[in-house]
Amino acid sequence: MYRRTVLATTVLAFLLLASAGLAEEQGDVDVEDLRRRALKGEAEAQYLLGIMSANALGAKQDFAEAVRWYRLAARQGHAAAQTGLGWMYAHGLGLKRDDAQAVKWYRAAAAQGHADARFNLGTAYARGRGVQRDLAKAVENYRFAANQSHAGAQYLLGITYANARGVPRDYAEAFRWFRRAVDQGFARARSQIGMMYAMGLGVERDDITAHAHCSLAAAAGDSLGSVVRNNLEKSMTPAQIAQARQLAEQWRKKAGNVKE
């Protein structure tokens with residue numbers, strides 16, 4: 001059974017996102033040279049060592065060590081390190097959880113226009129963690145990050161418009177933000193689009209299109225896509241299901257671009 005209200009707010013793990021590029025190039029990283037530079041006070045080197053310690057890249061996972069390096073870089077004004085340190089405070093990794101400190105560091109990075117910091121600050125306002133709950137400020141921060149191509153912020157803007165959380169309900173606007181997130185490969189946003197087609201929210205109801213979107217989302221590992229697709233199939237004919245699968249395959253071959 002479909003629900004008009006979708007989904008608890010999700011938070012992207014900044015540490016995992018930040019480490020993705022470093023992990024791909026790890027073979028080219030001279031850890032000892034990085035450490036020498038960090039000990040000389042180079043903020044970027046300190047930040048990278050923080051990522052490596054937090055995510056067991058080239059060394060054992062050590063959250064306390066990650067905090068140490070993040071803090072050194074953050075105090076020098078390194079925006080990504082400030083965001084990372086805020087994340088550690090927000091989740092109690094390597095130190096005692098302190099939402100107020102998390103917000104402090106998010107704000108420092110947000111003042112420099114850091115998209116991840118603005119996204120995390122938006123989540124703090126949405127949940128009332130470290131700040132008084134303020135959905136309007138949450139939306140403001142999400143929008144800033146979304147306009148910097150932050151897929152998670154684009155997704156959550158879609159959620160806010162679909163569920164009237166700090167903004168008037170606007171399914172067309174929700175759909176627009178979900179599509180922007182889908183264009184960056186955000187699978188849960190594709191599941192949301194599938195649900196909107198399945199329910200006729202902001203778009204004409206179309207079970208075939210809904211199924212195709214949810215199939216691609218499910219293939220990307222999103223459980224919501226699987227649930228919605230399986231529910232759709234209960235009322236679809238075999239011919240409709242085959243057509244939906246063919247449509248999903250066409251989209252897949254076009255590198256995930258949404259064509260309707």
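The values are calculated or read from the model by the stated rules, or taken from the named source; none is laboratory data. On a predicted model such as this, the values are computed, not experimentally measured, just so you know. Positions of Cβ are backbone-derived with ideal geometry, glycine not excepted, and every protein chain shown enters the neighbour counts.
Might you let me know whether the stretch 148-163 holds any residue that is surrounded by fewer than 16 Cβ atoms within 10 Å (Cβ to Cβ) and either closer than 14 Å to Arg180 by Cα or of a type in the set (D, E, K, R) (or both)?
Yes, because at least one residue in the stretch 148-163 is surrounded by fewer than 16 Cβ atoms within 10 Å (Cβ to Cβ) and either closer than 14 Å to Arg180 by Cα or of a type in the set (D, E, K, R) (or both).
Please enumerate the residues belonging to the stretch 144-163 that are under 13 Å from Leu121 (Cβ atoms) and assigned to a loop (DSSP other than H, G, I, E, B).
Within the stretch 144-163, just His150 meets the criteria.
Is it true that Ala80 is farther than 19 Å from Asn120 by Cα and either modelled with pLDDT of 95 or more or hydrophobic (A, V, I, L, M, F, W, C) (or both)?
Against the criterion (farther than 19 Å from Asn120 by Cα and either modelled with pLDDT of 95 or more or hydrophobic (A, V, I, L, M, F, W, C) (or both)), Ala80 does not qualify.
Is it true that Ala172 is in contact (Cβ under 8 Å) with a residue 12 or more places away in the chain, farther than 15 Å from Leu201 by Cβ and part of a helix (DSSP H, G or I)?
Taking the combined requirement at face value, the residue does not satisfy it.
Any residue at all in the stretch 125-141 that is assigned to a helix (DSSP H, G or I), in contact with a His (Cβ under 8 Å, 6 or more places away or on another chain) and either without any contact (Cβ under 8 Å) to a residue 24 or more places away in the chain or within 29 Å of Val227 (Cα to Cα) (or both)?
no
On the basis of being in a helix (DSSP H, G or I), touching a residue at least 24 places away in the same chain (Cβ under 8 Å) and touching a Ser or Thr at 6+ places or on another chain (Cβ under 8 Å), does Ala108 make the cut?
So Ala108 does not fit the description; no.
Would you please name the residue that is farthest from Ala43 (Cα to Cα), looking only at residues in the stretch 67-87 that are touching a Leu at 6+ places or on another chain (Cβ under 9 Å) and in contact (Cβ under 8 Å) with a residue 40 or more places away in the chain?
Step by step, filter the stretch 67-87, then rank; the result is Trp87.
Could you list, in sequence order, the residues of the stretch 53-67 that are touching an Asp or Glu at 6+ places or on another chain (Cβ under 9 Å) and part of a helix (DSSP H, G or I)? Even if it seems obvious, please write down each step before you answer.
Our first condition is that a residue be touching an Asp or Glu at 6+ places or on another chain (Cβ under 9 Å); within the stretch 53-67, this holds for 53-54, 56, 59.
Passing the criteria: Ser53, Ala54.
Please verify whether Gly202 is modelled with pLDDT under 95 and either under 23 Å from Glu233 (Cα atoms) or buried (at least 23 other Cβ atoms within 10 Å of the Cβ) (or both), treating the condition exactly as stated. Let's see the steps before the verdict.
Working: modelled with pLDDT under 95: yes; either under 23 Å from Glu233 (Cα atoms) or buried (at least 23 other Cβ atoms within 10 Å of the Cβ) (or both): yes.
Judged against the criteria, Gly202 is a match.
Report yes if some residue within the stretch 102-115 is surrounded by fewer than 24 Cβ atoms within 10 Å (Cβ to Cβ) and of a type in the set (D, E, K, R); otherwise report no.
yes
Filter the stretch 214-240 down to residues that are in contact (Cβ under 8 Å) with a residue 12 or more places away in the chain and farther than 25 Å from Phe186 by Cβ and give me whichever is surrounded by the fewest Cβ atoms within 10 Å (Cβ to Cβ).
Only one residue tops the list, namely Ser235.
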